[in-house]
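Below: the structure, in structure tokens.
The values are calculated or read from the model by the stated rules, or taken from the named source; none is laboratory data. Every value quoted in this text rests on a predicted model; they were computed, and no experiment measured them. Using ideal geometry, Cβ is built from the backbone for each residue, glycine included, and neighbour counts are taken over all protein chains shown. Just so you know, the surface numbers come from the protein's heavy atoms only, side chains and all, with ligands and any DNA or RNA stripped out. Shrake-Rupley method; radii C 1.70, N 1.55, O 1.52, S 1.80 Å.
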Amino acid sequence: MFELSDKALRYRDDLLAFMDEHVYPAESIYEAQMVESGDPHFQPPIVEELKTEARKRGLWNLFHPHPEWGPGLTNSEYAPLAEIMGRSAHLAPEVTNCSAPDTGNMEVLTLFGTEEHKREWLAPLLAGDIRSAFAMTEPAVASSDATNIQLRMDRDGDDYVLNGRKWWTSNALHRNCKVLIVMGKTDLDAPVYRQQSMMVVPLDAPGVTVVRGLPVFGYQDREGHAEVVFENVRVPRTALLAAEGDGFMISQARLGPGRIHHCMRIVGMAERALDLMIDRAQSRTTFGEPVANRANIQDWIAESRIEIEMVRLLTLKAAYLMDTVGNKNARTEIAAIKVAAPEMALKVIDRAIQVHGGGGVSDDFPLASMYAHARTLRLADGPDEVHKRTIAHRELRRRDPSWGRKA
């Protein structure tokens, strides 16, 4: 069932070669350029060089299901490619134009954007000339329930006026970020799931202020996770995606594929951590023997392999169901993998940190950064508890279809 097509195998082989020949060797160059710049949001020249090489090799927009914009791979075909890119998560996704949140935003613009949106924003995003951000989460409300959001989008003649505050607007501090997709409320009197809308807002629109970049366990990511204030931001009615009141629907359409892309990449991150753990265990000696000879270390290696394989299979099943029965009918599997993948990766990375000793929590190795970012994935695109709630409700209704339904 999970056998790769010939096309997917070709892309996998080409991507593996690109990683070995260009991406992994570029990691130290990237780090040096970032340190030399002294700017946490600097755009290192090596990134643009790798983008040029990826385009030349045809390794571009691999995520996009539409053959007009990319290779037209299915979720099942893209899964192993995303996993490979996850092994160098701070470089490979961006240099192949497959990084979040752009992937989700490009899919939203493809599905719900007007011709004007596609010309002005989608085309340069697909070309990798600009970056984008997604503004949904807010500091004043529990945004795990998207119906809580408070940013107002009030109609004023042929315009909307936006007022509110967002945070964790990932990518807004990237040097190439030019546009936001913003979720807010347009009609407080509508049914609860029809109160929200989404709009395309230029980052430089008057009244949009990036207040700060939020650190992740002390790390300032290059793309940034911004707190953004909207003060009387005026946009035309043409900024609206789909129709007024479609915001919640669009968010669900966007977050399903986005969640599984995260899970695919984090399987690759766990594989990289396992490799680092094995290499360290084989190269270090304690009490006259290689660390790899210790029974507990061998247990950690074996357990990590078992856990990675289980999560990989669940990810592939979710991707297969998305391709064959649609995202809605794959909701249980998407929710399950979103819980299982970060939990697995955190276990593997934690073991690798322990084997590295003090070095594991330093910046001399990538493990501390991996751990911080894997931990955030238990919150990004919905916290674990929301996904478990989704699974539990579907299971309860499987046994009793009337469970929880209002009379």
Problem - Unmet requirement for G326, which otherwise passes all of (1) assigned to a helix (DSSP H, G or I); (2) within 30 Å of G104 (Cα to Cα) - result: (1)
Practice task
Provide a single number: the residues in the range 38-47 that are in contact with a helix residue (DSSP H, G or I) (Cβ under 7 Å, 6 or more places away or on another chain) and over 17 Å from L126 (Cα atoms).
Solution key: 4
Exercise for the section: Collect the residues in the range 154-165 that are more than 25 Å from G213 (Cα to Cα) and either touching a helix residue (DSSP H, G or I) at 6+ places or on another chain (Cβ under 6 Å) or in a strand (DSSP E or B) (or both), keeping them in residue-number order. Expected result: D154, R155, D156, D158, D159, Y160
Practice task
Would you confirm whether any residue within the range 48-66 is closer than 30 Å to P215 by Cβ, surrounded by fewer than 20 Cβ atoms within 10 Å (Cβ to Cβ) and either without any contact (Cβ under 8 Å) to a residue 24 or more places away in the chain or out of contact with any helix residue (DSSP H, G or I) (no Cβ under 6 Å at 6 or more places or on another chain) (or both)?
Solution key: yes
Fill in the blank from the handout: Given (1) in contact (Cβ under 8 Å) with a residue 24 or more places away in the chain; (2) open to solvent by less than 10 Å² (accessible area, probe 1.4 Å); (3) outside any loop (DSSP other than H, G, I, E, B), S88 misses just (3)
Practice task
Give the residue that is nearest to the chain's Cα centre (by Cα), with candidates limited to residues of the range 8-32 that are over 19 Å from D364 (Cα atoms) and open to solvent by 70 Å² or more (accessible area, probe 1.4 Å).
Solution key: R12
Exercise for the section: Taking V35 as the residue in question, decide whether it is of a type in the set (V, I, T) and open to solvent by 80 Å² or more (accessible area, probe 1.4 Å). Expected result: yes
Practice task
Filter the range 230-249 down to residues that are touching a Gly at 6+ places or on another chain (Cβ under 6 Å) and buried (at least 20 other Cβ atoms within 10 Å of the Cβ) and give me whichever is nearest to A205 (Cα to Cα).
Solution key: V233
Exercise for the section: Return a yes/no flag: does the range 35-53 have any residue that is touching a Phe, Trp or Tyr at 6+ places or on another chain (Cβ under 8 Å) and either in a loop (DSSP other than H, G, I, E, B) or more than 17 Å from N97 (Cβ to Cβ) (or both). Expected result: yes
Exercise for the section: May I ask you to list the residues in the range 71-80 that are part of a loop (DSSP other than H, G, I, E, B) and touching a residue at least 12 places away in the same chain (Cβ under 8 Å)? Expected result: P71, L73, T74
Practice task
Determine if the range 260-270 includes at least one residue that is open to solvent by less than 20 Å² (accessible area, probe 1.4 Å) and more than 18 Å from the chain's Cα centre (by Cα).
Solution key: no
Problem - Enumeration of residues in the range 67-85 that are crowded, with 19+ Cβ neighbours inside 10 Å and over 20 Å from P124 (Cα atoms) - result: L73, N75, S76, E77, Y78, A79, P80, L81, A82, E83, I84, M85
Problem - Single match in G382, G326, G360 (criterion: surrounded by fewer than 18 Cβ atoms within 10 Å (Cβ to Cβ) and out of contact with any Gly (no Cβ under 8 Å at 6 or more places or on another chain)) - result: G326
Handout entry: Pair list, Cβ under 8 Å, 6 or more apart: the range 350-368 residue in contact (Cβ under 8 Å) with a residue 12 or more places away in the chain, other residue polar (S, T, N, Q) and part of a helix (DSSP H, G or I)
Key = R351/S304
Handout entry: Number of the condition not met by E94 [criteria: (1) touching a residue at least 60 places away in the same chain (Cβ under 8 Å); (2) crowded, with 24+ Cβ neighbours inside 10 Å; (3) not hydrophobic (A, V, I, L, M, F, W, C)]
Key = (1)
Exercise for the section: Name every residue in the range 271-284 that is under 17 Å from Y24 (Cβ atoms) and either of a type in the set (S, T, N, Q) or open to solvent by less than 10 Å² (accessible area, probe 1.4 Å) (or both), in order of residue number. Expected result: A273, L274
Exercise for the section: Consider A281 carefully, then state whether it is closer than 24 Å to P80 by Cβ and touching a residue at least 12 places away in the same chain (Cβ under 8 Å). Expected result: no
Handout entry: Total residues in the range 48-91, condition more than 19 Å from M269 (Cβ to Cβ) and of a type in the set (V, I, T)
Key = 2
Practice task
For V141, work out the one condition from (1) of a type outside the set (D, E, K, R); (2) out of contact with any helix residue (DSSP H, G or I) (no Cβ under 7 Å at 6 or more places or on another chain); (3) assigned to a loop (DSSP other than H, G, I, E, B); (4) at pLDDT 95 or above it doesn't fulfil.
Solution key: (2)
Problem - Count of residues meeting criterion [β-branched (V, I, T) and more than 25 Å from A100 (Cα to Cα)] in the range 175-210 - result: 2
Fill in the blank from the handout: Given (1) outside any helix (DSSP H, G or I); (2) within 14 Å of the chain's Cα centre (by Cα), E83 misses just (1)
